[in-house]
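The values are calculated or read from the model by the stated rules, or taken from the named source; none is laboratory data. These numbers come from a predicted model, not from an experiment. Backbone-built Cβ (ideal geometry, glycine too); neighbour counts: all protein chains shown. SASA here: full protein model, heavy atoms, side chains in, ligands and nucleic acids out. Shrake-Rupley method; radii C 1.70, N 1.55, O 1.52, S 1.80 Å.
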Amino acid sequence: MHTRTPSSIAAALVAGLCVVAATSTALAADDSVTELHVIKSGGRTMIAAFADDGVTFLDVATHGTYRAWPTSTKVGKGARPDFFVLRDADKDGVVDVLVMGNPAFIISGIGDPISSVKGKCDQVHMNDFAADGSVDVLCRKGNTITLTTHDGQKLWEYKVSGITINDCHFGDFNGNLKADIECAAGKGRFVRIGGDGNELGRDFDSAQLNDTEDDNPGHEARSKDVLAGREMFDIDGDGTAEESLNADGKMLFIRSGAKPKPLGQAETGPLFSALVEDLDGDGAADVVVGGAGKVFFFGRDGKLIAEVTTDPKKLHRDPAVEVEGVGANGLEDDSGEVNKKVVVDGSALLAACYGTNVKRDPYTRVGRVIYNLDIDAKGGVKRAQRLHSDLDDKSVEGCLSKAFTKLKFGKASQPGASVTVTLKMGFVDR
């Protein structure tokens, strides 16, 4: 069992990163959903459910899982306990989820993978080292510190020589308004490294930041108050905030005013987090509570709508490839319907390229790929050329290039015949 403490969370962040405080208790296990947060983007409403074993995105419209990623609180020597940060890492106006565990990764607010840190880090930190408003990811493996951009582009790598470093702290130590790194080296010795990867010096008095009690003390207290019935809400949509929740460790009761009979009730087991707000815009507060590896949705009548498994280890990932468009030029039949059918009929080959990679790397990106296919006189594909890819994955793209050559279109009516294919690739966890 692992419980994050407020002081350890606060100590790990500088430069304005917003820490979401955990609501775990002595009863919380690794799969206990200790945090629930609403993220809205592009007309879609998601709930991010956090536990020590990972983060799961739930689709409010379907009351089901969308995507989930496991992580681990078992980190290396000298590392801080991991935690979750909500911040707009890519500056697109939507909050992203930064997970500092093993592995560490960044997920967009709508559940799309952005990047992950390969291999186990002894310590992970995310900060704006370049002072450009975006998040950079630092990974320390022994004496080697590597910094990458939020989307996985390597910025620099520096290996400290001559001494052994362990726990690192972060702050603007040289006064250039950028985050720097200060690492302990035993017996009161410290090494400072600038945010640009240059060593600043050794063996001076440490300027480590002092721990504070909690960067966000209201989060845990709010969930406890809600689950103990100390806050009132308009759950039935009658315009009066007279409903409340009450959890006794086994059941959740939704009560209304002075009525002796609960508006609704359900067996949930112990609960660790609560979210009560109008998610669908119908004027009534929706009730979402987090338990042991599960999230429970309740409707305006107080009745249980859905009980959803959120443990990433218990969910199965289903890759999906959608043929969005096919355009042909120079074939005997250039109609979109006919040529799209050729691609759809062969989509199992294309899906296998993506699906294999998703199983190998759970942080495989999602998005569109566009290929141009050169067609020979008999309708065969002579060459497949990638025109665009959101995946940025040579393994998938190389496999697709070979898979396309196995498709058979209609005969070419003129030299230079070609077909352009647009595929949308993604996955869901069920």
- Message: So if I place +1 on the C-beta of Lys and Arg and -1 on the C-beta of Asp and Glu, and nothing else carries charge, what would the dipole magnitude of the chain be about its Cα centre? I want it in debye, nearest 20.
- Response: 1860 debye
- Task: Can you send over the solvent-accessible area of D225, 1.4 Å probe, protein chains only, in Å² to the nearest 10?
- Result: 50 Å²
- Message: What would the Debye equation give as log₁₀ I(q)/I(0) for segment 315-430 at q = 0.13, 0.22, 0.24 Å⁻¹, counting only Cα atoms as equal point scatterers?
- Response: -0.47, -1.15, -1.33
- Kindly rank 264-273, 409-418, 103-112 from highest to lowest mean number of other beta carbons found within 10 Å of each residue. 103-112, 264-273, 409-418
- Message: Restricting to Cα atoms and excluding each atom paired with itself, what does the Kirkwood estimate give for the chain in Å?
- Response: 24.2 Å
- Item | Radius ratio Rg over Rh of segment 230-365, counting only Cα atoms, Kirkwood formula for Rh | 1.26
- Task: Enumerate by residue number the trypsin sites (Lys or Arg not before Pro) in segment 142-199 meeting two conditions: DSSP loop (anything except H, G, I, E, B), and at most 16 other Cβ atoms within 10 Å of the site's Cβ.
- Result: K187, R189
- Which of the aspartates and glutamates could be linked to K120 by a straight reach, that is with a Cα gap under 20 Å, when you skip same-chain ones fewer than 8 residues away? D30, D52, D53, D82, D136, D151, E157, D167, D361
- log₁₀ I(q)/I(0) of segment 320-387 at q = 0.13, 0.14, 0.28 Å⁻¹, via Debye over equal Cα point scatterers, no solvent, to two decimals? -0.43, -0.49, -1.45
